[in-house]
1. What pairs can you find where one residue is in segment 165-194 and among the polar types (S, T, N, Q), the other is more than 15 Å from the ligand (Cβ to nearest atom) and at pLDDT below 95, and their Cβ atoms are less than 8 Å apart, with a gap of 6+ or different chains?
2. If you scan segment 128-155, which residues turn out to be closer than 16 Å to Lys102 by Cβ and without any contact (Cβ under 8 Å) to a residue 12 or more places away in the chain?
3. Within segment 11-22, which residues are modelled with pLDDT under 95 and under 22 Å from Phe201 (Cβ atoms)?
4. Is there a residue being charged (D, E, K, R), at pLDDT 95 or above and not in a helix (DSSP H, G or I) anywhere in segment 311-321?
5. Filter segment 221-243 for residues that are closer than 30 Å to Gly44 by Cβ and within 14 Å of the ligand (Cβ to nearest atom) and give the result.
6. At least 2 residues that are touching a Phe, Trp or Tyr at 6+ places or on another chain (Cβ under 9 Å) in each: list the strands (runs of 3 or more DSSP E) lying fully within segment 15-132 that qualify.
7. Within segment 2-10, can one find any residue that is within 13 Å of the ligand (Cβ to nearest atom), over 25 Å from Lys114 (Cβ atoms) and at pLDDT 95 or above?
8. So which of Gln262, Gln257, Gln269 ends up being in contact (Cβ under 8 Å) with a residue 60 or more places away in the chain, outside any loop (DSSP other than H, G, I, E, B) and surrounded by fewer than 24 Cβ atoms within 10 Å (Cβ to Cβ)?
Amino acid sequence: MSKKQKPVIVVHGGAGAITPERNQPVMEGIKRAAKKGFDVLKRGGTAVDGVMKAVMVMEDDGSFNAGYGSSLNIDRSVEMDASIMDGKTLQAGAVALLKDVKNPVRLARIVMEKTDHVFIAGEGAERLATLFKLERVNAVTELRLKYYEGQKKKLLEGQFELPKLASLIKEYPELLESDTVGAVALDKEGNLAAATSTGGFPLKLPGRIGDSPLIGCGNYADNESGACSATGVGEIAIRLVLAKTVCAYIEAGKTPQEAAEQAIRLVNQRMPIGYNSMGLVAVDVHGRIGAAHNSPNLCWAYLTPETPKPVSSPTAKNVKESH
Ligand code: ASP
């Protein structure tokens, strides 16, 4: 598309429950991310530049389950996943199981732009980070250690093994205090991009990879349809290829809002296993935005030339029905 577009950015800070102690930092964090990402777009930066900047702001914040402050796995260590996608070229990059890369989304972009691959995990990804001299950080924070101890204590009250995820969440809904971050954007050239970054599900097994770095599941962008970033229980988004599904609904004629709501109805219909826990943000090439969830919260913010300040909310359209 060659005609000039008004840039748009939508960010989310996860579908987890927002406890009172986290409310202010989280809401401030998403607004700052939307603003920084939008500034990049206003200056003529690409949608890829915009979503990367917005996600980096949240990775550095410490209040989100991404980058610094990521959730801890059952071994008490961090394993971060991220991905980024360019809707113009359908190029994509993803990384997983990172231990101390400060900005996983930057490494995902390096995979996209500097390698022939889409997805690199673990030691190989860490080596790439070293090659490109990416900053490292100890991503384990006091807050996450506190959450970990509480969550693990509850988990062990009844049993000594990890049950399957669905019954785990049913029994311990506070496990859903997870706050993956993501951003979708439309730039002045009319190109879309999406980026998603996470520490993954709290108490996950070592080596578990969620939806966030899986192209089409937690993240997708295509100029022919839309851009979408997902948050929530990764195993649901993987099985429904959820981000791509949202984009397919947009391609079929729905607005991003209708598409996000339709995808949450699909979750309710096809995954009726007692835990409601997905959130979605989306944008299309016309700059229309959408956000919907079935989780308790979805903190999100957006900025367009019509909104002088980021518009933010701890909830969006909460979809409970399945049809
Ligand atoms: N979707 C992420 C995962 O399952 C977690 C989240 O969104 O908070 O890894």
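1. Filtered contacts from segment 165-194: Asn191/Met1.
2. Hits for segment 128-155 are Thr130, Leu131, Lys133.
3. Matches in segment 11-22: Gly14, Ala15, Gly16, Ala17, Ile18, Thr19, Glu21, Arg22.
4. yes
5. Within segment 221-243, the first condition is being closer than 30 Å to Gly44 by Cβ, and the residues that meet it are 221-231, 243.
Matches in segment 221-243: Cys228, Ser229, Ala230, Thr231, Ala243.
6. 80-86, 92-98
7. No, segment 2-10 has no match at all.
8. Every option except Gln257 fails the conditions.
The values are calculated or read from the model by the stated rules, or taken from the named source; none is laboratory data. Note that the coordinates shown come from a computational prediction; the quantities given were computed from them, not determined experimentally. All Cβ positions, glycine included, derive from the backbone under ideal geometry; neighbour counts span all protein chains shown.
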